Amino acid sequence: MADVRNGDSKGSGAKKYNIDLDTFGKRVKLLYGSWKDFKQEHWGGADALAIVTPPPSEDLRYLKSSALHTWLLGYEFPETIMVFLQEQIHVLCSQKKATLLEELQESSKKKTGLDVIVHAKSRNDDGKELMQSILRQIAGGKNPSSVTVGWLSKEAPEGALMERWSELLSDSAFNLVDVSSGLSEVFAVKDETEIQNIRKAGFLSASVLKNYVVPKLEVVIDEEKTITHAELMDDTEKAVIDPSKAKVKLKADNVDICYPPVFQSGGVFDLKPSAISNEDPLYYDAYGVIVCAIGARYNSYCANVARSYLIDADALQSKAYKVLHKAHEAAINALKPGNPASAAYKAATSVFEKEGPEFIPHLTKTTGTGIGIEFRESGLSLNSKNDRIIKVGMAFNVNLGLHNLQIQSSQNPKTRNFSLLLADTIVIKEKGPENATSSCSKSFDDIAYSFKDEEEEEQEKPKPKAPSGNGADGQHFKTALRSDNQEMTKEEVRRQHQAELARQKNEETARRLASGGLGQGDGQGVVRTTGDLVAYRNVDDIPFSKELMIQVDQKNESVLLPLYGLMVPFHIATVKSVISQQDGGHSYIRIIFNVPGAGYSPTDLASQKFADAVYLKEVSFRSSDVRHTNQVVQLIKTLRRQVVLRESEKAERATLVTQEKLQLMKARPIRLSDLWIRPAFGGKGRKLSGMLEAHVNGFRYSTMKADERVDIMYRNIKHAFFQPAEKEMITLLHFHLHNYIMVGNKKTKDVQFFVEVMDVVQTLGGGRRSTYDPDEIEEEQQERDRKNKINSEFNTFVKRVSELWEQPQFKDLDLEFDVPFRELGFHGVPHKASAFIVPTVNCLVELIEQPFLVITLNDIEIVNLERVGLGQKAFDMAIVFKDFKRDVLRIDAIPSTSLDGIKEWMNSMNIKYYESRMNLNWRPILKTILDDPEKFIEDGGWEFLNMEVSDSDTENSEESDEGYQPSDLDVASESEEEDSDDESVVESEEDEEEEEDSEEEEGKTWDELEAEARKEDKEKGAESDSEEDRRRRKAKATGKVRMPEVSRKLPLKKPKLR
């Protein structure tokens, strides 16, 4: 864009402007064609068009004069007069702009048949004579009163040039007519280039909302931070003008905002396009509504998206949003070629009349406007009266809202009044509307957030009516009681089985610990020591240099530093980091070296080999040659990165177990084609699919590239999985191996081969079509056929390989393909992202998202379910392996609705599980067990995790649950241990401080502690907090329950106390 905001051309001298002559010629023909065909209807019978642009401005505004320049020339030329005559185009502008328009003079005659005449105005010239000359050309020798000139009457004159022209034009006796309608007609239908610009702007708008704004709001709400609407506006604007923050690969030079992003909440809403974000803090308590609207521009073309987010919505809010959503979709679907523009508004109102007539008085007066270079194209308003026919190539901002709704039951002014708004950018194609902002979901499940505690939800549920004397009611009540009794019996059976498993598990663990069978951790390869690093064999090999400058010898992987008049070589592996900075006219380089004892390598033997040596830790240089400094720093970093990558790959390969050689099958092997592999091969170039073949003693996967080949021996396969596509996008075969292999340059134990059963990537702005659309039905049938065909091919391959594995030579391997049981699956976070985790016969797996999760059930010692109860909506699973040197694997944020199913599955698989009300710090626990296994066995083994035993012991003790408190007793005091067996000791770095606490705090109940906390809050001015805030904080306090009993040497994570 020549200037992003209305002609601001600062710094334009550094940029070269190229006018697209073909686009100019094509669009000038469109302009003149519309002028000729609709001269009376849209152009007021104008004989000439006079368009003048105002001076540059920092304000965001949309002017038809500026839009015309952008549409014709690709740039906006401020303070420029353009006059269109029947055979000529006159342009009056500054000399600098005139040079840019010279190329138009040469090509316009050939492409359009029109002469472009440029009138260059010097800096000190007011342009009056040139203006009068143009006015004479307009008159063409006729009486001025008989000539009609079209102009933009609504654009007020700004600046000396525009005011002088307006004055001369008014005094010329021409008949003046407004031609805004004609320009709107020209701008209404976009060509493919314009449509693509709108698509990109829409994708950017939706991506900023989806990938930047929504995650930010979730963090603010989850952590209960305070942030104002204006601060959100500023942060979001930065994300729009820097698309990389929203994970969008668009050049920042081509994008801008349509308007400052709008954020509204707390009962104050304005659904007008001119709305702004105020300085009020974001309100996100129960019944809160947050309205977000974002508009982005790409190459000067606009797009808009708006969403409303509901927090713990009540019934009225939920209904209002669902009806609004349905009406919004109806309005979009009504925008089909040939329909009048009013069809969109009528479709929306018909939905409200059927499903929510009480909301009609609150409905916005239009369902949107046209959009393009202008944010609001005046002639394309989607109201009930506009009968203009919709054409292919038009674009609309479909904007529908409900304002000033009220929750009658709420007395809080911040939640009593609320408004809802939805907006999408729609492009009209031949088949119908296409949504350019569809990547940001607006379904109710995706915009409604629930933060209520389960206790609150239970209170809101209506209590069941007591059974009456009616026989039917009494019978129903008895049935319900019988069902509860059956559930209790089922739970009791599970508890008894778990108790037996606990006894067996403790005996098994005792035997294994006694025999020392703890397993071995992953070994490490040989690490290269600094004593083995040789830069040059002798002094003569050092390259000669006349100048004492830092040099990088890439051939010998060394850095030559000038020290005391000599060039001293250092191997690149000795360099830990290099830093450069500039100060004034000089540049500084600081090189830090790896030295013994500085955490360089645990196996570095240099200090032992050269015990008396003196090591250089760091060195700094100052240089006046900034360019050379930057070049040296870049070379050192690049060389170091290459060497580290090469050495790490060597170290990884050194740890690999040598496998047997693959024996190729003489006959045609069992084969599966067009597969992709994960992890993918490295290297540049286009990725290729490959073929998986089953040979005599292993699999071979290969592509068309000779170096892309992987062999997997049958004897190296620990688990094999076949997962057909059901609700997933891929069908896959997955192999979990005993020993690592290399796939390309990656070392891995998991290799997966898969096929996409349908296109995972959806076209930008794919519009919704009718359920009965024949094309839609045909595409769905094709997708089903493709999925069934792929699943069948994989199934055939698996059956044939299974038959191969049944041969006598493979019987001892006990190989078979496991198929995950989807009905037993649950959602959780095993790594960083949520995933659907599924049990198989022998494993617990997640094979869709990377990194993969494969847990062998036989490797599991016990499972501890953490954060269970307390009205939590989610809990965590800690899996302890039989190899105590292996880190405990955690699966976080599992929905509490999956708890019973997981317990039942583990019970059926004879996996001992425990429950705790807090997260445990497992590393010190396992270290304590390894340090003193006998003590662990004597203390009852894993029974310190048994919360039920701890509860029963506590009930029999003198102190009740209400009197429980974390103990600060001395660990070495045996007498105090006997006095209080039911108290658990939590070791942490705060223990010493806790021992100094006053005796007044000992013996206080949780109710007393919370009463004190409330009193302190009031003294600090926190009494204004709402009851909802206090309940939320109370639910978050993980330390409000008694901790499970545990051996004094087994530290836990300390609960947060108020």
In order through the range 305-312: 3J(HN,Hα) via Karplus (6.51 cos²θ - 1.76 cosθ + 1.60), integer Hz, x for Gly, Pro
9, 9, 9, 10, 10, 9, 10, 6
With a point put 7 Å past each Cα toward its Cβ, work out how far K36 is from D270 in nm, to one decimal.
4.7 nm
Collect residues whose amide H, placed 1.01 Å from N in the peptide plane, falls under 5 Å from the amide H of Y740; neighbours closer than 5 in sequence don't count.
V657
Diffing the range 285-300: the Karplus 3J(HN,Hα) column from phi (6.51, -1.76, 1.60, θ = phi - 60°), in whole Hz with x for Gly and Pro, holds 6, 3, 6, x, 10, 10, 9, 10, 9, 9, x, 10, 10, 10, 6, 6
At q = 0.14 Å⁻¹, what log₁₀ I(q)/I(0) does the range 247-355 have when each alpha carbon counts as one equal point scatterer in the Debye sum?
-0.79
Tell me whether the range 671-728 comes out rounded, prolate or oblate; compute the Cα gyration tensor, take square roots of the eigenvalues as a ≥ b ≥ c, and use a/c under 1.5 as the rounded threshold.
oblate
Of K216/K431; K354/K873; K245/K429; K666/K705; K245/K650; K326/K431, which ones are farther than 27 Å apart at the Cα?
K216/K431; K354/K873; K245/K429; K245/K650
Based on the Cβ-Cβ distance from R494 to E780, what FRET efficiency comes out when R0 is 41 Å, to the nearest 0.05?
0.45
For a quick check of understanding: with a 1.4 angstrom probe and all protein chains in place, what accessible area in square angstrom does R503 have, to the nearest ten?
110 Å²
Please list K749, K247, K873 in order of solvent-accessible area, largest first, computed with a 1.4 Å probe with all protein chains present.
K247, K873, K749
Mean Cβ count within 10 Å, highest first, over the residues of peptides 825-833, 264-272:
264-272, 825-833
How would you order 716-726, 416-426 from highest to lowest mean count of nearby Cβ atoms within 10 Å?
416-426, 716-726
Residues of the range 226-249 with backbone nitrogen within less than 16 Å of a virtual label 7 Å along the Cα-to-Cβ line of E279, please, listed as ranges.
227-234
Formal net charge of residues neighbouring N842 (Cβ-Cβ distance under 13 Å; K, R +1; D, E -1)
-3
Give me a comma-separated list of calculated 3J(HN,Hα) values for the range 247-253, in order, Karplus coefficients 6.51, -1.76, 1.60 applied at θ = phi - 60°, integers in Hz, x for any Gly or Pro.
6, 10, 9, 10, 5, 5, 5
With a 1.4 Å probe and every protein chain left in place, tell me how much accessible area I777 has, in Å² to the nearest 10.
80 Å²
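The values are calculated or read from the model by the stated rules, or taken from the named source; none is laboratory data. What you are looking at is a predicted structure, and each value in this text was computed from that prediction instead of being measured. Ideal geometry is used to build each Cβ from the backbone, glycine not excepted, and the neighbour counts take in all protein chains shown. The area values use the complete protein model at the heavy-atom level, side chains included, leaving out ligands, DNA and RNA. Shrake-Rupley method; radii C 1.70, N 1.55, O 1.52, S 1.80 Å.
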